[in-house]
Amino acid sequence: MSQQVFQRLVARLVVDPDFRDLVRSMGSAAIDGELTDLERRRLLALVDDPGVTITKTLHKGFRLGKILSMLPLTCQLLGGKRLGRELRVFWRVYASRSFYYIDEAVAFCSFLETRPAAMRLSYLPEIVAYERTRLELQRPRLGDSQATSREISFNHDPEILLTTLARKSRPHRIPARRCTLSGTLESDGSIQWVIADTAH
Amino acid sequence: MSTQPAGYSASTVIATTTNVPKLGIGLAYQGPMRPFIEESNDCFNYVEVVPDILWTDLGPGQEPRYVEDQPSVDFMREVRSKVPLIPHAIGLSIGSAHRFNRDHVTQLARWHEQFHFPWHSDHFSYNLVENGWADINVGVTLPLPHDSETLDLLAPRIAEIRSMIPIPFLLENNVYYFNMPEQEMEEAIFLNRLCQTTGCGLLLDLHNLYVNSRNAGTDALAFLDRLDLDKVIEIHVAGGMEMDGFYLDAHSGTTPAEVWKLLDFTLPRCTNLGGVTFELFGSWFSEVGEERLRRELHIMREYWSRHQPEPERVSL
């Protein structure tokens, strides 16, 4: 039993800077759970080990890589500073649960949707919805259990908006266009997108 | 989930780390290398693959739990029609104290029936820890203490793996950036005990060894001197990079000279060696380029020829 607790606490030292600071300041009193004396001594010794710091950096790199590769347009639109701020909060509230990129990227989309300040950023709601839809369509599926087509509402011209971001430019004064972007998963794994203007 | 199968005892373990085929030189598969693997298969004798990137684990309780990426599996069938395929998994987290992932082993057993692997391997580490209703995946191979308690945890699990997949099972010496204080055994002695007790073989990652020795200031040759090299079935070589005062096992380039020296020392001493594999992350492939990769594999073949018998022709 104590092995299990020990492993969880070692992992927390790596992934949770607040916990590491707490153990650093409070010592053994910050460590709860049933541990042997040896395990307790080991944890206390690891708190100031620079190897734990570099392991934390690798852990963050592992998580950042998932977001950058799965949500390139969202990251481009947020910009480096705001992306860093949002990720710091996201990483505090959402622990990495798997090796798989899609799970974490979809969770980050859900997180952003709960962040009013971020979602006030021009075009972000549309871009988050677009990238999330793309991931959910391409998510590994069990038989016919998932939808193979989805729709996203846009208030700005999606062709111009998506092309601008794909060119790594900041979108500016994108023309208004109330329309629906429909994505359909093809048999080769690609997605066919169709734009339909919304009737007034 | 129980961590010890019923009826386990150390005596049930059967030695299987001898009589592996001498395959020669291997290349670890990454998606961006696919054209290279298709066009340059005269440069290597086998392909190693992380099976977990070719399926998606939907998690415990899901049925089926593993959803395979069909185009990638088809490509692996094509590879397997030309050269042997070796799985090097990352999804087991064999050292996780809270549970043993039998579903993962069952999935690998299914793949063995299909691909007829000469051996398979995983990492001597853990990356999954329990955290309420869902595990945390640290995404980094965390070090297990070199203690008898760790042997007690791993022995029944390895026995179960070996009974479910009847080919040699290897564990890779871990790369670590911190280590446990007050360990019962030195790493090499621990790995010898692990192999003796459980019947598993070793995947000796010489780049991991180099990284550990460089960061911790330990003597890699002394480690190799103490290690029972008869248990080494496969060797990994790779390149790395420096960051924040550490040298990282980044698989970001070609093999450093110091690792070639370790290979030159190790190769003639590994009597049961099956192959030497080069690892490079796909994201670095364009920077390294096909020409340097070909040269890397050529150097590996030269070392192999110097110290090991001609690679065997394996019936496919």
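Just so you know, all these numbers are worked out from the coordinates, no wet-lab data involved. Predicted model only: the values in this text are computed from it and were never measured. Cβ atoms come from the backbone with ideal geometry, glycine included; neighbour counts cover every protein chain shown.
Net charge dipole, the range B:149-235: roughly 220 debye, given to the nearest 20, about the Cα centre with Cβ charges of +1 for Lys and Arg and -1 for Asp and Glu.
In this simple spin-label model, placing a label point 7 Å from the Cα along the Cα-to-Cβ direction at both residue B:315 and residue A:68 gives a separation of 4.9 nm.
Couplings for the range B:251-265, taken from phi via the Karplus curve 6.51 cos²θ - 1.76 cosθ + 1.60 with θ = phi - 60°, read 6, 10, x, 7, 6, x, 4, 5, 6, 4, 4, 5, 5, 4, 6 Hz in order; Gly and Pro are left as x.
Label positions at residue B:63 and residue B:221, each projected 7 Å from the Cα along the C-beta direction, are separated by 5.9 nm.
Stretching residue B:148 away from residue B:306 to a fully extended chain increases their span by 53.1 nm, per 0.36 nm per residue minus the current alpha-carbon distance. Relative to a virtual label point 7 Å from the Cα of residue A:121 in the Cα→beta-carbon direction, which members of the range A:60-90 show backbone nitrogen distances below 13 Å? Of the residues in the range A:60-90, A:68, A:71-90 have backbone N under 13 Å from the label point off residue A:121.
Which net charge results when you count Lys and Arg as +1 and Asp and Glu as -1 among the other residues whose beta-carbon is under 14 Å from that of residue B:54?
Working: positive: B:34, B:77, B:80, B:110; negative: B:48, B:52, B:57, B:68, B:69, B:74, B:78.
Summing Lys and Arg as +1 and Asp and Glu as -1 gives -3.
For the pair the range B:146-225 and the range A:142-196, the centres of their Cα atoms are 49 angstrom apart. Give the angle, between 0 and 90 degrees and rounded to the nearest 10, that separates the Cα long axis of helix A:37-46 from the longest principal axis of the Cα atoms of chain A. Value to nearest ten degrees: 60. Note on residue A:178 and residue A:138: the model spin-label points, each 7 Å out from Cα along the C-beta direction, lie 3.2 nm apart. Shown is the FRET efficiency for residue A:89 and residue A:21, computed with R0 = 22 Å from the Cβ-Cβ distance and rounded to the nearest 0.05: 0.85. Counting neighbouring beta carbons within 10 Å and listing from fewest to most, the residues A:101, B:176 come out as A:101, B:176.
Kindly identify the protein assembly as shown as rounded, prolate or oblate by the Cα gyration tensor criterion: order the square roots of the eigenvalues as a ≥ b ≥ c, call it rounded if a/c is under 1.5, otherwise compare a/b with b/c, prolate if a/b is larger, else oblate.
Working: a/c = 1.78, a/b = 1.38, b/c = 1.29.
Taking the square roots of the gyration eigenvalues as a ≥ b ≥ c, the protein assembly as shown is prolate.
Each Lys and Arg Cβ is given +1 and each Asp and Glu Cβ -1; about its Cα centre, the range A:26-72 then shows a dipole of about 360 debye. Farthest towards the positive end of the charge dipole of the range B:41-154, among the residues B:49, B:83, B:64, is the Cα of B:83, using unit charges on the Cβ of Lys, Arg, Asp and Glu. Among the listed pairs B:82/B:231; A:66/B:82; B:22/B:261; A:81/A:168; B:22/B:82, which have their C-alpha atoms separated by more than 26 angstrom in this model? Over 26 Å Cα-Cα: B:82/B:231; A:66/B:82.
Can you tell me what the convex hull of the Cα atoms of the range A:82-185 projects to on average, as an area in nm²?
Numbers: hull surface 30.5 nm².
Computing the convex hull of the Cα atoms and averaging its projections yields 7.6 nm².
Treating r as the C-beta distance of residue B:113 and residue B:257 and R0 as 30 Å, the FRET efficiency rounds to 0.10.
Can you give the average number of partner chain beta-carbon atoms within 10 Å of each beta-carbon in peptide B:124-135, as a whole number?
What the average comes to for B:124-135 is 4.
Normalised by the number of residues in the range A:14-139, the mean separation of alpha-carbon contacts (under 8 Å, six or more apart) gives a relative contact order of 23 percent. Which of rounded, prolate or oblate describes the range B:191-316 when judged by the alpha-carbon gyration tensor and an a/c cut-off of 1.5? Because a/c hits 1.5 or more and a/b fails to exceed b/c, the range B:191-316 counts as oblate.
Treat the count of other C-beta atoms within 10 Å as a stand-in for reagent exposure and order A:52, B:237, A:14 from fewest to most.
Ascending number of Cβ neighbours within 10 Å: A:52, B:237, A:14.
Among the GluC sites (Glu not before Pro) in the range A:1-86, those placed in a DSSP loop whose Cβ has at most 16 other Cβ atoms within 10 Å are A:34.
Which whole-number percent is the relative contact order of chain B (Cα, under 8 Å, 6+ apart)?
22
Ranked by Cβ crowding within 10 angstrom, fewest neighbours first, how are A:90, B:124, B:265 ordered?
Least crowded to most crowded, the residues run B:265, A:90, B:124.
Between residue A:32 and residue B:286, the FRET efficiency from the beta-carbon distance, with R0 = 51 Å, is close to 0.60.
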